[in-house]
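Trainee: This structure is in structure tokens; I'll ask about it shortly.
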Amino acid sequence: MAPLTELYHEVPPTCWPIVYSPDYNITFMGLEKLHPFDAGKWGKVINFLKEEKLIADDLIVQAREATEEDLLVVHTRRYLNKLKWSFVVATITEIPPVLFLPNFLVQRKVLKPLRTQTGGTIMAGKLAIDRGWAINFSFFSFLFEGVSKATIIDLDAHQGNGHERDFMDDHRVYIMDVYNRYIYPGDGFAKRAIKRKVELDWGTEDTEYLQKVQTHVEGALNELRPDIIIYNAGTDILDGDPLGGLAISPQGIVKRDEAVFRAARSHRIPILMVTSGGYQKRTARIIADSILNLHNLGLIDKELATSDAKNPKVELMIRESILDLTNLSLQ
């Protein structure tokens, strides 16, 4: 069966299953500074990993921008047409001055990065099946068409109400969500889609957090063996984050990622990690340190392509998958 998208391309075995594009970074006349998110975070992580000699430009998988035809697989043309209005994009990104910009600039400077991140996650999904793991430096957003079973492990500080609403009645998708119960969005309806819900209190610290993550990740994977794990590794759990309200140390984040990858490896399940939220300048260094730790422990490796993880049936269905742009907001 021919692929329905041009986003897939042959990746040399010498490349890491790490997907990135300089186009991920949203920079335009300083307007990105009006939102607490560090819009250049992805590039900083890549630079840290280059400095540590883990990767180089020719070893990174380049993401491609999702086209309108790609997005129409899961969106109506009416929805996509709404994005041609600057005030709609200003609302999505929570950067009010975008309202006053010509839409051709909004398309180039704001939506193109988001569409490229979407394309990158589609490519990373295939790489995860091929290699056993993949990382895409982007926001958390996806919709796999045809995958038999997927488990979302959402460890961003916020409830993942976007994908919870998307998969409300989809029995192929098992959602585990660990979040601060007191912050945005507090979506009671969306909580009905969560199969394993872990609500945290303000200021939760490392010991309690890591114990709950380890216990519930194992519980989730024992309850259902998925074809792929989608891991939302948000760093807005970091102590001092202006939106997350939790108190996890940098070392705690590194240990959290290690625990999830260890679980995926022990259960022999492919894992796709998306780096997602995090609203402090130091999160880029922490993400890089976590990836270096995973490599040093042998949990990720350029050569890793386990036959146990690779599933031809899922690989074929991944080729027909397209990501849902609905959740690609900068909240």
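The values are calculated or read from the model by the stated rules, or taken from the named source; none is laboratory data. What you see is a predicted model, and the numbers here were worked out from it, not measured in a lab. Note that each Cβ is placed from the backbone with ideal geometry, even for glycine, and that neighbours are counted across all protein chains shown. Please note that ligands, DNA and RNA were not included when accessible areas were found on the heavy atoms of the full protein model with its side chains. Shrake-Rupley method; radii C 1.70, N 1.55, O 1.52, S 1.80 Å.
Trainee: Give Lys50/Lys195; Lys50/Lys197; Lys126/Lys195; Lys109/Lys281; Lys44/Lys197 a once-over and call out the pairs whose C-alpha atoms are over 27 Å from each other.
Mentor: Violating the 27 Å limit, Cα to Cα: Lys50/Lys195; Lys50/Lys197; Lys44/Lys197.
Trainee: Also: What percent do you get for the relative contact order of region 115-259 when only Cα pairs under 8 Å and 6+ apart count?
Mentor: Dividing the mean separation by the residue count of region 115-259 yields 25 percent.
Trainee: At what distance in nm do the modelled label points of Leu292 and Glu218 sit from each other, each positioned 7 Å from its Cα along Cα→Cβ?
Mentor: Label at Leu292, label at Glu218, 3.0 nm between them.
Trainee: Tally up the carbon and sulfur contribution to the accessible surface of region 159-291 as a whole percent, 1.4 Å probe, everything protein left in place.
Mentor: 47 percent
Trainee: Report the calculated FRET efficiency for Tyr182 and Glu51 (r = Cβ-Cβ distance, R0 = 41 Å), to the nearest 0.05.
Mentor: Working from the Cβ atoms, E equals 0.60.
Trainee: Let me test this: with uniform point scatterers at the alpha carbons of region 154-252, what is the Debye-based log₁₀ I(q)/I(0) at q = 0.14, 0.16, 0.22, 0.23 1/Å?
Mentor: Computed log10 I(q)/I(0) values: -0.50, -0.65, -1.18, -1.26.
Trainee: What is the projected area of the convex hull of the Cα atoms of region 94-236, averaged over all directions, in nm²?
Mentor: About 10.1 nm², averaged over all directions.
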